[in-house]
Amino acid sequence: MNHLDAINIEDLRRIAHDRLPRFVFTYVDGGAEDEITLRGNREAFAGLHFRPRTLVDVSMRDLSTQLLGSHAALPVVVGPTGLNGLCWRDGDMQLARAASRAGVPFAMSTVSMSLVEDIAREAPGRLWLQAYVFSERRITDALVRRALDAGFEALMLTSDFPVAGKREGDWRTGLLPKQRLTLATRFDLLRHPRWLATVATRRRRFVNVERELPPGQDVNNFVGHGMFDASFRWDDLRHFRDRWPRKLILKGVLRADDAERAVNAGVDAVVLSNHGGRQLDGAISGIDALPDVTSAIAGRAGILIDGGVRRGSDIAKAIALGAQGVLLGRATVYGLAAAGAPGVARAIEILADEFDRTLALTGCRNVGDLTPDLIATQP
């Protein structure tokens, strides 16, 4: 199947599955431990049902919105994901270009395989930097400073990664914990000659982190073993608020009291996230946390969610319950793996079409018409 023939995100997932070596697809597609949270992210959306309005003139519809005070063509952000260079050559750049062309923000991961400066130069648009707080805090500070100098509009601090979740699929392929691929994984690579001839011909490194390390220090070893600061706490959040003069976002919130504390610490928005089911298995989903967080901080800070967004109707449900938008993770990475930037564009196009249809079928003409009374938890 060609990416242009894909009619939904699951079709792009199938193309990605066929194209990628097993160890890469497992990294993209898998979650932590028993993958309860990974499945729960989708199930939480499935448990929400529409109570549509009828006999509304929906002949003219507007999908655009405001995200962090600026225009977005669709209430989505191409969210931060890692190892994109294993899905397609210059994968992070491909994602950024597609987001820019679609008129939506791109959140670049700390462990991007493209430089901050290159992204800003070659994919101009609304750029956000997702930052992990490293055990060597100077590295995080340096990356934040470079993003500021490059014109990034927002800094997104990730709070749910004091230690890495146990992603057992990655252990079985050998990607984790020592980055030593198993014999079976190596044999599987031979079944993917196109990937070997394109993606595998370039050494992929975490170039932004590498630039800040002493000469000769192995960046992959640093990233893979204890780079994250398990002591990161609320007082440290103020450190970043003081050093970042633009929009500040905290990602990894799942409690209303934490959302209130984040707002009091000066953040401009929170992302309700369980890291795509890749960290704490058994955590609630962002959409499950949304009603309580909306009650606590609506009107005081922006609210975004991620985790399990595969349909335009998922976007509509999140907005109706109080989110300003959603972060896309696997949905756009499947597109990336299928066809590079055109595949990402196809993923966004599919979601935009479904979102537009959902607006019409629920009696809504624009994003502002999506309100809580449209949602029921029982069919």
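Quick note: the coordinates plus some simple rules give every number you see, no bench work behind them. Bear in mind that the values here come from a model prediction, so they are computed numbers and not experimental data. Virtual Cβ from ideal backbone geometry, glycine too; neighbours counted across all protein chains shown.
State, to one decimal in nm², a quarter of the convex hull surface area for the C-alpha atoms of the chain, i.e. the direction-averaged projected area.
So the mean shadow area of the Cα hull is 18.0 nm².
For a test of the definition: using alpha carbon positions, the gyration tensor, and the 1.5 limit on a/c, classify segment 1-49 as rounded, prolate or oblate.
Oblate is the answer for segment 1-49, as a/c is 1.5 or above yet b/c matches or exceeds a/b.
With a cut-off of 8 Å between alpha carbons and a minimum separation of six or more residues, what is the relative contact order of segment 240-379 in percent?
This gives 18 percent for segment 240-379.
What's the center-to-center distance, using Cα atoms, between segment 165-179 and segment 325-379 in Å?
About 31 Å separates the Cα centre of segment 165-179 from the one of segment 325-379.
In whole Å, largest first, what are the principal axis extents of the Cα atoms in segment 20-77?
Over segment 20-77, Cα extents along the principal axes are 48, 29, 23 Å.
Once label points are set 7 Å from the Cα along Cα→Cβ at both Gln179 and Ala230, what is their separation, rounded to one decimal in nm?
A separation of 2.1 nm, rounded to one decimal place.
Take every Cα pair under 8 Å in segment 3-376 that's 6+ residues apart, average their separations, divide by the length, and report that relative contact order as a whole percent.
Relative contact order of segment 3-376: 29 percent.
Pull up all non-local amide H partners of Val77: gap of 5 or more, or a different chain, and H-to-H distance under 5 Å with H placed in the peptide plane.
Amide H neighbours of Val77, under 5 Å, 5+ apart: Val326, Leu327, Leu328.
Order these peptides, 102-110, 214-222, by their mean beta-carbon neighbour count within 10 angstrom, highest first.
Top of the packing list down: 102-110, 214-222.
Please work out, to two decimal places, the log10 of the ratio I(q)/I(0) at q = 0.24 Å⁻¹ from a Debye calculation in which every Cα of segment 306-379 carries one identical scatterer.
So the normalised log intensities are -1.05.
Report the residue, chosen from Asp258, Asp306, Asp356, that carries the largest GNM mean-square fluctuation when the chain is represented by alpha-carbon nodes joined by springs under 10 Å.
Looking only at Asp258, Asp306, Asp356, the biggest GNM fluctuation is shown by Asp258.
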